[in-house]
Amino acid sequence: MKIPFLNFGATHHPMKNEMMNAFEKVYDSNWFVLGEQVSAFESNYAAFNQVKHAVAVSNGLDALHIALKTLNIGPGDEVIVPSNTFIATVLAVSYVGASPIFVEPNIQTYNIDPSKIEAVITSKTKAIMPVHLYGQACEMDAIMQIAEKYNLTVIEDNAQAQGATYNNKITGSFGHINGTSFYPGKNLGALGDAGGITTNEPTLFEKAKVLSNYGTRVKYVNDEIGFNMRMDECQAAFLNVKLNYLPTWIAQRQEIANWYNHHLSNINELILPNVAENATHTYHLYVVRTEKRDALMNYLSEHEIGTLIHYPIPPHLQKAYSNLGLSKGDLPIAEEIADTCLSLPIWPGMQEEHVVHIANTIKQFFQV
Ligand SMILES: *Cc1c(COP(=O)(O)O)cnc(C)c1O
């Protein structure tokens, strides 16, 4: 049985007519940028994310970049980020001229370890950017308490965890202003690049909206050095349809994760995902760890099972960040995760027989 890492067809096929109708509506409207689809998506997504405001933007990286800009974070400032995140979190900090300060994750949850944050706070620290990695909510109560104590802002990177919760509160609604991604492979994906910003603060919302559209409040009047970082009407129309399915897709991802947990239990050399107390996990990725990662990945590939590594090189060891002067051994937990993690196939609509086949192949590899 050939199993790809991701199968968009299974998710998209049942909704093809709805998506085609959404496209036709935009096509016939002859209005392609900043129209009714974008406005509708902003209110629909804000309602889903239980915040007062959302801004539809071009992608997740731009969402984080704008979020930092709205808080006037810039040169000389320090922003705390997890050491094991996707590069976009760190790039956004670099774009505004601030310095990323890495904090190691908890090795159980792979999310930033709140108990290690206070040690790196200096007079230059302006913000904390927790990343709800792989789909699991960070320990937001502890993070918000630290932020309050030191008067820092919080920007959640919610690209992987739309719909996750911590203590029953939804991710993307804790921080002062937060970014998310609707990259096709994310839990809520457009048919191209798209992203979003969420906030409860009207002034941050207004500024983010203005920055995303050339810094203009009145056409051809520029109040700020803004960007062209808008979501287009087609992507908003697609996302308006797909948002209705998101809760079902998250439930399906959680069910698939339960199948994996069941069929992969009792393999000594394989570490399964752990969910923290009070957190929920939306399983954007189902990530296992083993010392034999590379051999397992090859074995699965030989058996036509697609896997990926999220992520093989932590940001501090990337050439792009050699100027930070960090080297191997400086952030050992991030490095350990990079060397041992493996993401198994998961997509809404995946069947239990797929999971059983993958689990059996993994058991063959470990000879159990
Ligand atoms: C995908 C992702 C981003 C960036 O989103 P894009 O839409 O690809 O720009 C940022 N942070 C994390 C954690 C992501 O997974």
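Annotations for the structure displayed:
Table: residues versus (1) in a loop (DSSP other than H, G, I, E, B); (2) surrounded by 19 or more Cβ atoms within 10 Å (Cβ to Cβ).
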position: Ala237; (1), (2): no, yes
position: Ala251; (1), (2): no, no
position: Gln254; (1), (2): no, no
position: Tyr260; (1), (2): no, yes
position: Glu277; (1), (2): yes, no
position: Ala295; (1), (2): no, no
position: Tyr311; (1), (2): yes, no
position: Leu326; (1), (2): yes, no
position: Glu335; (1), (2): no, yes
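- Looking across the stretch 44-91, the residues that are of a type in the set (Gly, Ala, Ser) and either crowded, with 24+ Cβ neighbours inside 10 Å or on the phi < 0 side of the Ramachandran plot (or both) come down to Ala46, Ala47, Ala54, Ala56, Ser58, Gly60, Ala63, Ala67, Gly74, Ser83, Ala88.
- The number of residues in the stretch 293-303 that are of a type outside the set (Phe, Trp, Tyr) and more than 27 Å from the chain's Cα centre (by Cα) comes to 3.
- On the stretch given as the stretch 165-197, residues that are in a loop (DSSP other than H, G, I, E, B), over 11 Å from the mean Cα position of the chain (by Cα) and aliphatic (A, V, I, L, M) total 3.
- Of all the listed residues (Val131, Val120), the sole one being within 10 Å of the ligand (Cβ to nearest atom) and among the β-branched types (Val, Ile, Thr) is Val131.
- Any hit, the stretch 160-167, residues being of a type outside the set (S, T, N, Q), more than 16 Å from the ligand (Cβ to nearest atom), touching a Cys at 6+ places or on another chain (Cβ under 9 Å) and modelled with pLDDT of 95 or more: yes
- Total residues in the stretch 200-235, condition part of a helix (DSSP H, G or I) and among the charged types (D, E, K, R): 4
- Scanning the stretch 15-58 for residues that are in contact with a Gly (Cβ under 8 Å, 6 or more places away or on another chain) and more than 25 Å from Ala208 (Cα to Cα) returns a single hit, Ser29.
- Boolean, Tyr283 is surrounded by 16 or more Cβ atoms within 10 Å (Cβ to Cβ), within 16 Å of the ligand (Cβ to nearest atom) and hydroxyl-bearing (Ser, Thr, Tyr): yes
The values are calculated or read from the model by the stated rules, or taken from the named source; none is laboratory data. Since the structure is predicted, the reported quantities are computational estimates derived from the model, not experimental observations. Quick reminder, even Gly has a Cβ in these numbers, built from the backbone with ideal geometry, and neighbours come from all protein chains shown.
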